[in-house]
Amino acid sequence: MHTSLFPTQSPITRADRQALLGQGAFAIWLYGLSGSGKTTIAYHLEQQLFHEKILVYCLDGDNIRNGLCRDLSFTQADRTENLRRVAEVVKLFLDAGILCIASFITPKESDRAMIKEILGSGNVIDVYLQCSLNTCAQRDVKQLYKMAQNNRILNFTGVSSLFEPPEQPSLVIDTEHESIEDCVNAVYRHCFHKG
Ligand code: ADP
């Protein structure tokens, strides 16, 4: 830390804020290839939790890159910086007592380790959305695979940039063969110990 910085601590704690809201705060980090279903599952889950009166907020890759991280590219260093910033923002949300769903490709194990380090491993459930490159490329929701294959986008995960499958994910969801509803329910049950 810089020697001229003196971080302070509010007298109101995370526990105070959680008690006010009547909920525990933690992060659900959805990751996987582009088109694996991160945004879809994140927003379905967010709606379900919101209707249960849980204060929840989704942080989604494209939205963050449109604002907070608009200065960053897709080089490895900038991807790491993007995720570091997001993890720090998630940490603030948790401190505010708000449940967070983060949906980011998060292609590298070292970055996943960094996220756990920033948040504390007890504060985050990492969920790998497993879907083959073939199926993601066929879905091609944003026509990005087509552009990457024509070299119109560089450093595109799965095509010109590596995705490292996780070694020890908390949860793996098969978004290739399961329905959206079943996938959302599986994440929900795992995170809230239900069913
Ligand atoms: P990502 O955010 O990972 O890039 P999106 O959520 O934008 O992916 O797109 C995933 C696409 O796959 C959507 O069109 C969605 O309807 C479709 N899809 C099909 N089956 C599933 C599933 N089981 N889970 C999530 N998305 C699915």
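The values are calculated or read from the model by the stated rules, or taken from the named source; none is laboratory data. What you are looking at is a predicted structure, and each value in this text was computed from that prediction instead of being measured. All Cβ positions, even for glycine, are placed from backbone atoms using ideal geometry, and neighbour counts span all protein chains on display. Note: areas computed on protein heavy atoms with side chains; ligands, DNA, RNA excluded. Shrake-Rupley method; radii C 1.70, N 1.55, O 1.52, S 1.80 Å.
Check whether at least one residue in region 13-23 is polar (S, T, N, Q), at pLDDT 95 or above, within 21 Å of ILE118 (Cα to Cα) and touching a Cys at 6+ places or on another chain (Cβ under 8 Å), and report yes or no. Scanning region 13-23 turns up no residue that is polar (S, T, N, Q), at pLDDT 95 or above, within 21 Å of ILE118 (Cα to Cα) and touching a Cys at 6+ places or on another chain (Cβ under 8 Å).
The helices (runs of 4 or more DSSP H) found entirely in region 30-133 that carry 2 or more residues being under 18 Å from PHE163 (Cβ atoms), polar (S, T, N, Q) and away from the ligand (no atom under 12 Å from the Cβ) are 76-95. Residues of region 70-84 that are closer than 19 Å to GLY122 by Cα and open to solvent by 30 Å² or more (accessible area, probe 1.4 Å): ARG84 alone.
Within region 175-195, track down each residue that is near the ligand (Cβ under 8 Å from one of its atoms), surrounded by 12 or more Cβ atoms within 10 Å (Cβ to Cβ) and without any contact (Cβ under 8 Å) to a residue 24 or more places away in the chain. Hits for region 175-195 are GLU178, ASP182. All conditions in (1) assigned to a helix (DSSP H, G or I); (2) away from the ligand (no atom under 16 Å from the Cβ); (3) surrounded by 15 or more Cβ atoms within 10 Å (Cβ to Cβ) hold for ALA25, with the sole exception of (1).
Is it true that some residue in region 166-174 is within 16 Å of the ligand (Cβ to nearest atom), in contact with a Cys (Cβ under 7 Å, 6 or more places away or on another chain) and of a type outside the set (Phe, Trp, Tyr)? Yes. Are there any pairs, at least 6 apart or on different chains, whose C-beta atoms fall under 7 Å, with the first in region 67-92 and acidic (Asp, Glu) and the second open to solvent by less than 40 Å² (accessible area, probe 1.4 Å) and at pLDDT 95 or above, and if so, which? Correct list of pairs: ASP78/LEU72; GLU81/LEU72; GLU88/ILE118.
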